[in-house]
1. Let me spell it out: the conditions are (1) hydrophobic (A, V, I, L, M, F, W, C); (2) within 15 Å of the chain's Cα centre (by Cα); (3) farther than 30 Å from Leu8 by Cβ; (4) modelled with pLDDT under 90, and Ile125 meets all of them except one. Which number is the exception?
2. Is there a residue being in contact with an Asp or Glu (Cβ under 6 Å, 6 or more places away or on another chain) and part of a strand (DSSP E or B) anywhere in region 55-63?
3. Only one of these is at pLDDT 95 or above, over 21 Å from the mean Cα position of the chain (by Cα) and of a type outside the set (S, T, N, Q): Pro40, Pro64. Name it.
4. Being hydroxyl-bearing (Ser, Thr, Tyr) and loosely packed, with under 15 Cβ neighbours inside 10 Å is the filter; apply it to region 31-72 and report the residue that is farthest from Ala104 (Cα to Cα).
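The values are calculated or read from the model by the stated rules, or taken from the named source; none is laboratory data. Here the structure is a predicted model, which means the values were calculated and not measured. Cβ sites come from the backbone with ideal geometry, for glycine too, and all protein chains shown count toward neighbours.
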Amino acid sequence: MKFTIYDLYTGVVLRSGVAPGDVLNQVGAGEGGLPMRVDPAMWYFDLVAEELREKTDLVVTVAPETIPADGDTFTSISGIPNGATVFWPDGQHTVADGEPIEFAVDLPGRHLFFVFSVEYLTKEITIEAIAAT
């Protein structure tokens, strides 16, 4: 039987696949299920419409994408939806107001950021920090 299990409170697709028997009768507390198989990275359960929906691209703006690694020069990431979480190597931040997030780094190299929101495909952002000369 094909199945998709999702979180009743967030809409995140937790797992999906094929299993023998009626796996939908075994969903846990706080979970819902549907008799279909989807890619959890590409789909979410819309709690208002009460249906599975395909995630869409998240369009954000990063300015500038290259900064000096001086700890004082900031880059800004805007277009992050409310409730999205931004992850970076030493932390994370959940956006509550839709305002841009600013970062400064003092370590040269590429710095990866990930933006996660239930309704959107996870967005990977690379910021290049150039060593001061």
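1. Here Ile125 meets the rest and fails (4).
2. no
3. Numbers: Pro40 fails: over 21 Å from the mean Cα position of the chain (by Cα).
Every option except Pro64 fails the conditions.
4. Within region 31-72, the first condition is being hydroxyl-bearing (Ser, Thr, Tyr), and the residues that meet it are 44, 56, 61, 66.
Now drop any that are not loosely packed, with under 15 Cβ neighbours inside 10 Å, which leaves 56, 61, 66.
Working: Thr56: 29, Thr61: 16, Thr66: 11 Å.
For region 31-72, the residue satisfying everything is Thr56.
Rundown of residues vs (1) within 26 Å of Glu128 (Cα to Cα); (2) assigned to a strand (DSSP E or B), yes/no style:
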position	(1), (2)
Phe3	no, yes
Arg15	no, yes
Met36	no, no
Thr73	yes, no
